[in-house]
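Below is one structure; the comments refer to it alone.
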2 protein chains.
Amino acid sequence: MSTSIAALGEQALIDRLRRRIGPPPVHVELGIGDDAAVLAAEPGTVSVVTTDAIVEGVHFRRDWTAPDAIGHKALAVNLSDLAAMGAAPRASLLSLALPVDFPLADFDALVDGFATLAAASGAPLVGGNLTRSPGPVVVDVTAIGAARRRRVLRRSTARAGQELYVTGTIGAAAAGLALLASGHVRDAMNPAALAAVARYERPEPRCRLGWTVGRSGGATAAMDLSDGLAAAARSLADASGIGVVLDADTLPIDEAANAWAVGAGQDPVLFALAGGEDYELAFAVARKQRSRFRAAVSRGRPVPVTLVGRFVADRGAWLSRNGTLSPLPAGFSHFGVRPLEAENCGKGL
Amino acid sequence: MSTSIAALGEQALIDRLRRRIGPPPVHVELGIGDDAAVLAAEPGTVSVVTTDAIVEGVHFRRDWTAPDAIGHKALAVNLSDLAAMGAAPRASLLSLALPVDFPLADFDALVDGFATLAAASGAPLVGGNLTRSPGPVVVDVTAIGAARRRRVLRRSTARAGQELYVTGTIGAAAAGLALLASGHVRDAMNPAALAAVARYERPEPRCRLGWTVGRSGGATAAMDLSDGLAAAARSLADASGIGVVLDADTLPIDEAANAWAVGAGQDPVLFALAGGEDYELAFAVARKQRSRFRAAVSRGRPVPVTLVGRFVADRGAWLSRNGTLSPLPAGFSHFGVRPLEAENCGKGL
């Protein structure tokens with residue numbers, strides 16, 4: 001029988017967590033251990049703050065996903081929001097609600113998954129909360145970033161005539177989730193399928209790219225793909241009071257997403273457009289920003305970026321395919337009646 | 001049958017919440033509706049950040065506590081942490097995990113309870129997250145404050161010879177919880193008992209006092225009483241590498257706490273010392289700070305403050321009673337085996 005967290009007092013668990021995350025960097029004036037954390041000011045910047053929770057049975061299942069991946073993902077989805085604002089990560093807070101029989105080894109692994117990404121991304125864990133849960137595991141994370149005031153990438157500042165770019169590939173996380181939900185075992189998956197599962201479980205937020213593009217002035221608006229590209233494109237257009245046309249022929253559809261959709265008798269384009277949790281970034285780029293955008297994208301470790309559409313004056317969201325325009329499929333609603341496992345869930349305010 | 005939140009889409013719920021909280025103040029450059037919120041910098045200050053969750057069945061029961069009180073309390077416990085740092089509230093984030101059958105009227109009331117305190121305390125809701133929960137209601141809040149760098153009130157900076165002050169009265173919330181847990185109905189309670197229940201359900205964080213004392217330089221260390229005075233005094237002493245002696249005869253024990261303890265055959269002093277969730281503040285005050293401390297305390301709406309002990313060089317925590325020193329009772333451990341309802345739960349990192 002494995003040891004559960006109930007074997008330790010709460011203070012012992014916190015001490016254990018502290019030892020695992022190590023000392024914070026210098027801009028953290030006060031980390032874990034007081035009533036609150038204290039962060040030094042970064043002159044000339046504004047604070048960018050976001051929070052996002054993942055819930056057992058809604059966003060993950062413990063029998064599918066390793067605990068370190070849960071810790072990783074809980075932070076990653078928040079870092080993706082900072083990246084979408086063009087902000088550099090500065091700190092993170094972790095609030096855990098855990099059943100008393102939660103295995104201690106899983107606690108360690110969850111903390112390690114979180115801490116590894118936190119350290120790598122410049123968002124050290126500076127505080128949080130630990131409580132029992134009579135129900136599912138809830139991992140709630142707040143991430144704090146910094147950006148120059150005039151370089152913040154909002155949703156509402158896209159303009160008609162601008163181009164829409166997306167990073168990486170789309171549909172991968174949805175394919176990974178579909179593979180897990182339909183009972184596929186990892187041992188029998190091909191490399192593309194395994195990569196899709198990894199994208200679902202352990203998304204790599206585009207921290208550096210978002211921040212680099214923001215700082216360079218290479219885009220006018222941005223958003224991450226937590227609810228899929230269709231939803232992101234529509235949100236950018238709606239918030240900006242304009243419309244958007246996506247080009248079906250240029251979409252960077254993930255290989256496993258394409259294979260899954262074909263196998264399931266679905267349209268790969270619609271599957272990839274509607275698939276959430278990719279945590280790629282969508283940027284609105286003006287013609288005169290194009291060179292700065294391209295330069296920012298190729299700085300450091302280059303990230304593939306694809307031109308997938310353009311913003312138009314007429315409000316609405318369309319898909320261009322073989323020369324025909326059709327309305328974009330709507331996104332998901334998380335309080336609706338769809339089965340939990342087939343849904344991407346949770347929405348930022 | 002009442003309408004549940006499932007009747008609305010998630011976006012409709014967020015829009016509804018937005019309408020209820022109104023427009024943010026000017027230092028919120030970007031509030032709800034983007035990937036993250038943006039807060040203007042306040043020159044010369046550091047950011048103070050804290051997070052705390054309350055969980056149905058652990059911190060509250062829906063059949064005992066009105067939903068607006070749940071919203072209020074979730075924010076209050078975080079504002080109390082900011083107050084204990086000497087920080088002025090600046091913004092708040094609200095992450096809600098709700099069962100799909102959660103009544104829409106309760107959603108409105110919870111948001112209103114949160115928003116009313118947020119507006120009154122200068123911590124406007126700037127962002128958050130909404131997700132379904134297959135289990136209990138989880139309300140996770142992050143609060144962000146600002147303080148001048150040298151005026152932050154840590155735990156670790158109390159010194160031997162300093163006095164320990166506490167605001168308000170102690171034991172009230174524990175008495176309120178005990179009254180509810182033992183099945184007392186409100187209609188049959190006397191005013192002191194009702195007040196104790198209100199302290200448990202709707203704590204009033206000492207925001208202004210904490211900030212005023214911090215800014216005035218009237219204390220060297222502070223902590224809030226989320227886990228009770230005994231635990232706070234011990235934590236201040238431990239973090240500062242010193243000891244503390246509490247004076248049993250001077251403790252400002254709440255009237256209902258005293259009555260409850262006597263009626264239950266318990267020692268009122270120990271009951272009040274161990275009772276958590278009062279969210280009063282404990283301050284370590286040096287002799288030369290005393291006049292500044294007193295001036296800060298009496299500024300604005302005066303708050304009763306009581307000298308309850310002193311810090312000593314020898315490590316440890318004692319209770320002085322009738323001229324005899326005895327060890328302070330230990331605090332609670334939230335992952336232990338005590339029944340949920342009789343326990344104060346959750347611990348900040």
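Summary table below
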{"item": "Complete set of residues in segment A:277-319 that are more than 27 Å from A:L177 (Cα to Cα), touching a helix residue (DSSP H, G or I) at 6+ places or on another chain (Cβ under 8 Å) and not charged (D, E, K, R)", "result": "A:A284, A:V285, A:F293, A:A295, A:A296, A:V297, A:G300, A:F311, A:G316"}
{"item": "Subset tally (residues that are within 27 Å of A:S121 (Cβ to Cβ) and more than 20 Å from the chain's Cα centre (by Cα)) for segment A:164-191", "result": "2"}
{"item": "Filtered residues of segment A:153-171 (kept if farther than 30 Å from A:A256 by Cα, buried (at least 22 other Cβ atoms within 10 Å of the Cβ) and within 9 Å of chain B (Cβ to nearest Cβ))", "result": "A:L153, A:R154"}
{"item": "Condition met for B:A105 (over 19 Å from the mean Cα position of the chain (by Cα) and either of a type in the set (G, A, S) or not assigned by TED's automatic domain parsing to the domain that holds B:R20 (or both))", "result": "yes"}
{"item": "Condition check for B:G176: among the small types (G, A, S), surrounded by 24 or more Cβ atoms within 10 Å (Cβ to Cβ) and assigned by TED's automatic domain parsing to the domain that holds B:K73", "result": "no"}
{"item": "Matching residues, segment A:1-31, being facing another protein chain (nearest Cβ under 8 Å), in a helix (DSSP H, G or I), hydrophobic (A, V, I, L, M, F, W, C) and in contact with a strand residue (DSSP E or B) (Cβ under 7 Å, 6 or more places away or on another chain)", "result": "A:I5, A:L13, A:I14"}
{"item": "Segment A:108-143, residues that are over 22 Å from the mean Cα position of the chain (by Cα), modelled with pLDDT under 95 and surrounded by fewer than 22 Cβ atoms within 10 Å (Cβ to Cβ)", "result": "A:P134"}
{"item": "Given (1) within 26 Å of A:G176 (Cβ to Cβ); (2) in contact (Cβ under 8 Å) with a residue 24 or more places away in the chain; (3) in a helix (DSSP H, G or I), index of the condition A:L246 fails", "result": "(3)"}
{"item": "In segment B:169-211, the residues that are closer than 18 Å to B:N78 by Cα and small (G, A, S)", "result": "B:A173, B:A198, B:G210"}
{"item": "Residue that is nearest to the other protein chains (Cβ to nearest Cβ) [pool: residues in segment A:139-152 that are part of a strand (DSSP E or B) and either over 23 Å from A:L110 (Cα atoms) or among the acidic types (D, E) (or both)]", "result": "A:D140"}
{"item": "Flag if A:V297 is within 14 Å of another protein chain (Cβ to nearest Cβ), in a helix (DSSP H, G or I), under 23 Å from A:A146 (Cα atoms) and hydrophobic (A, V, I, L, M, F, W, C)", "result": "no"}
{"item": "Sole residue being surrounded by fewer than 24 Cβ atoms within 10 Å (Cβ to Cβ) and touching a helix residue (DSSP H, G or I) at 6+ places or on another chain (Cβ under 9 Å), chosen from B:A40, B:A53", "result": "B:A40"}
{"item": "Every pair of residues 6+ apart whose Cβ atoms lie under 6 Å, when the first sits in segment A:132-154 and is closer than 23 Å to A:T220 by Cα while the second is at pLDDT below 95 and among the charged types (D, E, K, R)", "result": "A:A146/A:E42; A:R154/B:D34"}
{"item": "Selection from segment B:185-207 of residues that are without any contact (Cβ under 8 Å) to a residue 40 or more places away in the chain and either in contact with a helix residue (DSSP H, G or I) (Cβ under 6 Å, 6 or more places away or on another chain) or assigned to a helix (DSSP H, G or I) (or both)", "result": "B:R186, B:D187, B:A188, B:P191, B:L194, B:V197, B:A198"}
{"item": "Residue selected from segment A:208-228 under the condition within 13 Å of another protein chain (Cβ to nearest Cβ) and assigned to a helix (DSSP H, G or I), by the criterion farthest from A:A123 (Cα to Cα)", "result": "A:G214"}
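Residues are listed down the side, and each one gets a yes or a no for (1) part of a helix (DSSP H, G or I); (2) assigned by TED's automatic domain parsing to the domain that holds A:L225; (3) within 27 Å of A:A76 (Cα to Cα):
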| site | (1), (2), (3) |
| --- | --- |
| A:A239 | yes, yes, yes |
| A:A259 | yes, yes, yes |
| A:V262 | yes, yes, no |
| A:G265 | no, yes, no |
| A:L270 | yes, yes, yes |
| A:L273 | yes, yes, yes |
| A:D278 | no, yes, yes |
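The values are calculated or read from the model by the stated rules, or taken from the named source; none is laboratory data. Nothing here was measured: the structure is a model prediction, and the numbers come from that model. Cβ coordinates were reconstructed from backbone atoms using ideal geometry, including for glycine residues, and neighbour counts include every protein chain displayed.
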